[in-house]
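The values are calculated or read from the model by the stated rules, or taken from the named source; none is laboratory data. The model shown is predicted, which means the values in this text are computed figures rather than measured ones. When we count neighbours, we look across all protein chains shown, and the Cβ atoms used for this are built from the backbone with ideal geometry, even at glycine. For accessibility, only protein heavy atoms count, side chains too; no ligands or nucleic acids. Shrake-Rupley method; radii C 1.70, N 1.55, O 1.52, S 1.80 Å.
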Amino acid sequence: MLDLSNVAVVIPTLNEEQSLPLVLRDLPTVGRVVVVDNGSTDRSAEVARQAGAVVVTEPRRGYGSACLAGLEYLRANDPPAVVVFLDADYSDYPEELVEIVAPIAAGKADFVLGSRLTGERERGAMPPQSIWGNHLACWLMRIFWRARYTDLGPFRAIDWEALESLGMSDRDFGWTIEMQIKAAEQRLRTLEVPVAYRRRVGKSKISGTFVGSLKAGTKILWTLAKYAVGSRRRKANRQANDARFDHEEAAT
């Protein structure tokens with residue numbers, strides 16, 4: 001049986017008092033569960049505490065802000081070996097955490113992404129704009145970084161030291177793709193694992209609204225463009241430095 005005692009799960013949460021107890025109920029026993037209350041106005045924090053989770057409060061809204069607050073807590077309180085990120089809406093199957101963590105525990109990967117697009121999806125679980133947006137983002141990452149992703153799924157696990165090396169910073173919709181781009185740039189050993197996906201409990205705050213989908217899509221494309229430009233600039237600088245070094249060597 002896989003030892004999960006040094007695994008921490010970070011669950012960003014915003015008004016999920018109905019779904020969060022289901023997520024915590026189905027989650028395998030791990031070392032720590034950190035629920036980050038991202039400004040909820042319902043009983044999300046209370047039900048998390050009742051289930052035995054650590055609750056971290058992050059009033060600044062944003063998925064990335066919540067994730068960063070969870071990592072700050074872990075950094076200050078005996079960091080784990082592996083961090084798992086999981087949504088609070090019960091769209092993922094928490095029991096599949098074992099399959100996501102196993103390659104890291106076996107020393108075969110640094111970063112494991114749960115792919116909804118290669119797994120079984122309940123009809124209507126992902127709206128068309130989400131599927132199309134994921135395909136576009138993954139296609140662009142293949143062009144710029146030769147990264148072979150199929151999804152930007154939020155259910156993912158990563159080795160703690162590898163995660164720290166990425167220097168994550170995005171505070172909202174760009175969090176998942178920032179992690180994947182940086183993992184590709186640093187050549188982390190990355191695997192995808194098919195995961196099942198179902199209709200979430202309640203209405204999505206992102207893909208469930210036109211404005212939410214537009215904001216998320218715009219931020220994802222902006223993040224791609226920012227890192228693509230930065231990557232090309234660094235490559236050009238390296239080439240210029242190499243050429244200057246070769247010229248100096250020839251001169252001597």
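To the nearest 20 debye, what is the magnitude of the charge dipole of segment 1-123 about its Cα centre, counting +1 on the Cβ of each Lys and Arg and -1 on the Cβ of each Asp and Glu?
Here the size comes out at about 220 debye.
Between residue 164 and residue 29, how many nm apart are label points set 7 Å from Cα along the C-beta direction?
2.8
May I ask which residue of 10, 44, 62 lies farthest towards the positive end of the charge dipole of the chain, with charges of +1 (Lys, Arg) and -1 (Asp, Glu) on Cβ and the Cα centre as origin?
The residue sitting farthest along the positive end of the dipole is 62.
Roughly how many percent of the accessible protein surface of the chain is carbon and sulfur, given a 1.4 Å probe and a whole-percent answer?
Working: 6720 of 12910 Å².
For the chain, the apolar C and S fraction of the accessible surface comes to 52 percent.
Given a Förster distance of 25 Å, report the FRET efficiency between residue 186 and residue 60 from their Cβ-Cβ distance, rounded to the nearest 0.05. Could the numbers behind the result be given before it?
Numbers: r = 27 Å, r/R0 = 1.08.
The calculated FRET efficiency here is 0.40.
Residue 201 label point, 7 Å along Cα→Cβ, cut-off 17 Å on backbone N: hits in segment 66-103?
Counting only backbone N, you get 86-96.
I want the local charge near residue 95. Using Cβ-Cβ distances under 13 Å, sum +1 for each Lys or Arg and -1 for each Asp or Glu among the other residues.
So the surrounding residues net to -2.
Restricting to DSSP loop positions (anything but H, G, I, E, B) with no more than 11 other Cβ atoms inside 10 Å of their own Cβ, which chymotrypsin sites (Phe, Trp or Tyr not before Pro) remain in segment 133-206?
Passing sites in segment 133-206 do not exist.
Calculate the spin-label point distance for residue 139 paired with residue 5, positioning each point 7 Å from the Cα along the beta-carbon direction, and give it in nanometres.
Between residue 5 and residue 139, the simple spin-label model gives 4.9 nm.
Using a probe radius of 1.4 Å on heavy atoms only, what accessible surface per residue do you get for the chain? Whole Å² is fine. Walk me through the numbers on the way to the answer.
Details: 12910 Å² over 252 residues.
For the chain, the per-residue accessible area is 51 Å².
Quick one: putting +1 on the C-beta of Lys and Arg, -1 on the C-beta of Asp and Glu, what dipole do you get for the chain around its Cα centre, in Debye to the nearest 20? Each step should come with its number before you reach the end.
On the way: 33 positive and 32 negative charges, 199 e Å.
So the dipole magnitude of the chain works out to roughly 960 debye.
In whole Å, what three semi-axes, largest first, describe the equivalent ellipsoid of the chain built from its Cα gyration tensor (square root of 5 times each eigenvalue)?
Values: eigenvalues 219, 89, 62 Å².
In descending order the semi-axes read 33, 21, 18 Å.
Which residues among segment 97-132 fall inside the zone where the amide N is under 17 Å from a point 7 Å beyond the Cα of residue 214, along Cα→Cβ?
129-130
Within segment 147-188, which trypsin sites (Lys or Arg not before Pro) sit in a loop by DSSP and count at most 11 neighbouring Cβ atoms inside 10 Å? Write out the running numbers ahead of the final one.
On the way: sites: 148, 156, 171, 182, 187; in loops: 148, 171, 187.
Listed in order of number, the matching sites are 148, 187.
Figure the gain on full extension for residue 118 and residue 95 (residue separation times 0.36 nm, minus the Cα-Cα span) and round it to one decimal in nm.
Values: separation 23, 0.36 × 23 = 8.28 nm, distance 1.76 nm.
Stretched out fully, the residue 118 to residue 95 stretch lengthens by 6.5 nm.
Could you give the radius of gyration (one decimal) and Dmax (whole number) of the Cα atoms in segment 10-88, in Å?
When restricted to the Cα atoms of segment 10-88, Rg and Dmax are 11.4, 33 Å.
R0 = 35 Å: FRET efficiency of residue 77 with residue 229, Cβ-based, nearest 0.05?
Once the sixth-power term is evaluated, E becomes 0.40.
What does the helix-only formula give at 222 nm for the chain: each DSSP H stretch with n ≥ 4 adding -39500 (n - 2.57), the total divided by the residues, and the result rounded to the nearest 500 deg cm²/dmol? Walk me through the intermediate numbers first.
Values: 8 runs with 115 residues, N = 252.
Theoretical 222 nm ellipticity from helices: -15000 deg cm²/dmol.
Where nothing but the Cβ of Lys and Arg (+1) and of Asp and Glu (-1) is charged, how large is the charge dipole of segment 7-51 around its Cα centre, in debye to the nearest 20?
Details: 4 positive and 6 negative charges, 39 e Å.
Dipole magnitude for segment 7-51 comes out near 180 debye.
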